[in-house]
Amino acid sequence: MKSFFRMTYPYILWIAVFIVAPMVMIALYALTRSGNSMLTFQFTLENFAKFLSDPTFMRVLWTSLRIALLTTVFCILIGYPAALFISNMSERKQTMMVLLLTLPMWINMLLKTYAWRGILLNFDLESETKVFIGMVYDFLPYMIIQIHTSISKMDRNLLIASYDLGANKWKTFLKVTLPLSVPGIISGITLVFLPAVSSFVIPKLLGGGDYVLIGNLIEIYFLQAGDWNFGSAISLIMALIIIASMYLTRRMDRNGQEA
Amino acid sequence: MKKILSLILTLCLAAGLISAAVAEDYDPVKEFGSNVLNVYNWGEYIDKDVISRFEKEYKVKVNYSLFSSNEEMYVKLQSGASYDVIVPSDYMIERLIREEKLQAIDKTVVTNLDQLLPEVMGLSYDPDNTYSVPYLWQNFGIVYDTTKIDPETVEEKGWDIFLDPQYAGHAYMYDSQRDSFMMGFKALGYSANTENEEEIQAAYNWLREVDKAVKPAYVTDEVIDAMANGEKWMAVVYSGDAAYILSENEDMGFCAPKQGTNVAYDAMVIPANASNPKLANVFINYVIDYENALAISEEVGYASPNAQVLEELSGPDGDYEGNAAYLPRTGYEKDEVYHDNQTLMTELAELWIKVMLHE
Amino acid sequence: MRKKKSTTFLTSGYMVLILLFIYLPIFYVVLFSFNESKSLTKFTGFSLRWYESMMNDSTMLESIWYTVLVAVIATAVSTVVGTITAIGLSKSRRIIRTAVLEINNLPVMNPDIVTAIGLMLLFISANVQLSLTTLILSHIMFCIPYVILTIMPKLRQLDDNVAEAALDLGANPWQALTKVILPQIYPAVLSGALIAFSMSFDDFVISFFTAGVGINNISMYVYSMKRYNPGINALSTLIVVVVTLILITVNVIPAIRDKKTKRTEAKNA
């Protein structure tokens, strides 16, 4: 299968230029002192120290992680049954449903969030509830589509075999469908959790201004404060924490699959 | 004598330009070197007819780009992108001048400057208007529901009304470190541009008091719609937006506190790397001319720098007759223009985050 | 495998609720495109003025063109590259796969402002003027990861032996790819393309910092508004209508045609 392996070369080259190189520059900013020009680097860890030593920043990061985590959990809980039901439809209907789920994503997010603000004005809800409605709304289609993709066109023979062996519906779901859908859930988590950590527009608009989140903080440092060094450092710390938590999730996935 | 001579000269030049625009053998490429003008402005901040009229009159194409904040625009400029006319705010113009990123306005072309109010000229960010021509202006103040709060109370207390716990849950604050700290500075009798550490701490404490007393919601642009609907009793907004709120909801009133406030100017500048500065000057002159300035101020609702326009729109039968927010306060010594100071901004941003987190 | 009626009722009920939830704000956006006033929360009366205002706004209309153009090109390129890469990765050694996927996650994880400034710095240091091309390149950059992330799980389910068998039976790799692998992952490729298209369509921050002079997409228009202009609701309504029409053409017409052919077949039989 060597020839297939070669298919990755163009993209490896591409990510070197378009993902790795910009990230190296961001990392350089994070590791240098603000105010000096690109020519006279002065390496320092003080940006990281500043973040880690101020409980305010840690609190903001924690709130962001908590909101992202809960959003992801809600998306799985609401999205999984939907994905399952869709995968039981006829093939044409499945395509139709996937398209129906994507269409609203083409309407500007800010516009939809303003709409939610207007709709939710009529309901007396906690601001946190409003934030989660907005967040789950924004990310749910990704989760449904990812899970659906992994269980659609699943080998029907597996299900029939399971029924033939006397397993009931629940058992079949737990032993056959669920394990098969784990990779889909994992990529759903990736597509929901990762962007959710740094998103802040929805919580800000729906939460009555009660939310300062990490994405907000990074933007404040890059734009309002004009301190790219610290902004870069925050984004690196955030990335490291997320990578570590994703690594743990993946290990759990591997263990789950082996079991 | 010299003045008169130069005036005649300018008039001739201006007349030459205008006739050039109409003349049959007029060719914008020959005249300006290019028939394209790149304008960089805030979104929904112009009357679109002004652009199309300019395009027709001068047979040129205006390439319109949009930005949503001074800071974004500033970062974008660092990519080397070349625009011909930009409309930043006062403090950003100060920074661009300091960094030598602007070129001088050609006052032999921009002759309509004499139509502008003396009050909007010669301000601290550009004392001789060498680099900038005012576009729209406004000041920061309090919009309040007159059925809930007595106008006299607002006038008397000014910014300190935000310390009154009886309005708890009924107030909006603006999520901007600069404007919020300005409230604190002014309430305590300091300059809006102070760099004094003690004064900054005092303003920080003032804002924390506000946070405790009225438990405000920290919002941005959605405050305009919210106040037009009367969702809360009071909010801090710029007078241009207040003018809209007042025209939508007659219960609303506006007050520029007597402790002083910020006067904000957006002005047109020509970047040093502009590719068509000649046409840029012509455009700037066109925009401040009575007819176009009128259209822009009418459409946007912010105060025009054009004296006649301002008088007409706020006067009898004007669009903003009796609108307490349209006409910004002038000549009040406690009112200030923001200065550019990025280190101060970083510090205020950090403190502001703590205020919003109720720390 | 006959289902009980109650389950079908429950499932369709659930799907209806989900669709209602997803379309509620869309209805709201459409409704307020017909509002008389500028308000976003109070409907004061029916009017078509925002449609008129949209038609007279050349910047807004141009923004549709740029948005669609960029989204179509970015989706096409990123779907092809993403699919090829995902298939290649599934046959790669684990260490390479993990490394590439980890880096692939960066654009998904990084806040837009970081990706945007990173790309801008890249273009500056390469001495490239920002233009439509840099905008499209940037969109391709953040779209490919979504395509790969969508296709990889499907590839993990594939039976490797089938492709091997095809090769053993004398198929060349290209045939194994197009005749064996692609048909099996086709739904995932479609989903990946749809997600890529949506990401590109709705991006603001990255577009802002990588687009050349005079290029505004719909999001840039929306975010830059100093004053809310419901013309943008009119524009969104237009998008909804056009896409719905396309959906109907793509889905309903073949269905009718199928029914007709079935009927004629039945007649002929």
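The values are calculated or read from the model by the stated rules, or taken from the named source; none is laboratory data. Quick caveat, the model's predicted, so the values are computed rather than measured. As a convention, Cβ positions derive from the backbone with ideal geometry for all residues, glycine included, and neighbour counts pool all protein chains shown.
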Residues that are within 30 Å of B:I245 (Cβ to Cβ), in a helix (DSSP H, G or I) and within 9 Å of another protein chain (Cβ to nearest Cβ): does the range C:32-43 have at least one?
yes
Could you check B:T130 against (1) under 25 Å from B:P271 (Cβ atoms); (2) part of a helix (DSSP H, G or I); (3) of a type outside the set (D, E, K, R) and say which number it fails?
(2)
Leading residue by the ranking (surrounded by the fewest Cβ atoms within 10 Å (Cβ to Cβ)) among those in the range A:119-138 that are of a type in the set (S, T, Y) and more than 9 Å from chain C (Cβ to nearest Cβ):
A:T129
Can you tell which of B:S82, B:S68 is touching a strand residue (DSSP E or B) at 6+ places or on another chain (Cβ under 8 Å), among the polar types (S, T, N, Q), under 30 Å from B:L246 (Cα atoms) and not assigned by TED's automatic domain parsing to the domain that holds B:E336?
B:S68
Residues (within 14 Å of another protein chain (Cβ to nearest Cβ) and of a type in the set (G, A, S)) located in the range B:71-109:
B:S79, B:G80, B:A81, B:S82, B:S89
Inspect the range B:214-225 for any residue being in contact (Cβ under 8 Å) with a residue 60 or more places away in the chain and within 14 Å of chain A (Cβ to nearest Cβ) and give the result as yes or no.
yes
Provide a single number: the residues in the range A:66-118 that are more than 7 Å from every other protein chain (Cβ to nearest Cβ), basic (K, R) and within 23 Å of the chain's Cα centre (by Cα).
1
Confirm whether B:A202 is touching a Leu at 6+ places or on another chain (Cβ under 6 Å), surrounded by fewer than 23 Cβ atoms within 10 Å (Cβ to Cβ), of a type in the set (A, V, I, L, M) and over 19 Å from B:E347 (Cβ atoms).
no
Of the residues in the range A:127-143, how many are in contact with a Leu (Cβ under 6 Å, 6 or more places away or on another chain) and β-branched (V, I, T)?
1
Could you tell me whether C:D57 is touching a residue at least 12 places away in the same chain (Cβ under 8 Å), within 9 Å of chain A (Cβ to nearest Cβ) and either more than 22 Å from the chain's Cα centre (by Cα) or crowded, with 16+ Cβ neighbours inside 10 Å (or both)?
no
Does the range A:219-241 include one or more residues that are surrounded by fewer than 18 Cβ atoms within 10 Å (Cβ to Cβ) and more than 14 Å from chain B (Cβ to nearest Cβ)?
yes
Just need a number here: residues in the range C:97-137 that are among the β-branched types (V, I, T), out of contact with any Ser or Thr (no Cβ under 7 Å at 6 or more places or on another chain) and facing another protein chain (nearest Cβ under 7 Å).
3
Tell me yes or no: at least one residue of the range C:117-134 is in a helix (DSSP H, G or I), small (G, A, S), in contact with a helix residue (DSSP H, G or I) (Cβ under 7 Å, 6 or more places away or on another chain) and in contact (Cβ under 8 Å) with a residue 24 or more places away in the chain.
no
Among C:L247, C:L235, which is the only one that is aliphatic (A, V, I, L, M), within 20 Å of the chain's Cα centre (by Cα) and surrounded by fewer than 21 Cβ atoms within 10 Å (Cβ to Cβ)?
C:L247
Among the helices (runs of 4 or more DSSP H) contained in the range B:275-359, which hold 2 or more residues that are surrounded by 16 or more Cβ atoms within 10 Å (Cβ to Cβ) and of a type in the set (F, W, Y)?
B:277-288
Which condition breaks for A:K204 when tested against (1) within 14 Å of chain B (Cβ to nearest Cβ); (2) part of a loop (DSSP other than H, G, I, E, B); (3) without any contact (Cβ under 8 Å) to a residue 40 or more places away in the chain?
(2)
Output the residue which, of all residues in the range C:218-243 that are part of a helix (DSSP H, G or I), under 15 Å from C:R49 (Cβ atoms) and not aliphatic (A, V, I, L, M), is nearest to the other protein chains (Cβ to nearest Cβ).
C:N233
For residues that are surrounded by fewer than 18 Cβ atoms within 10 Å (Cβ to Cβ), closer than 30 Å to C:I181 by Cβ and within 27 Å of the chain's Cα centre (by Cα), tally how many sit in the range C:116-165.
2
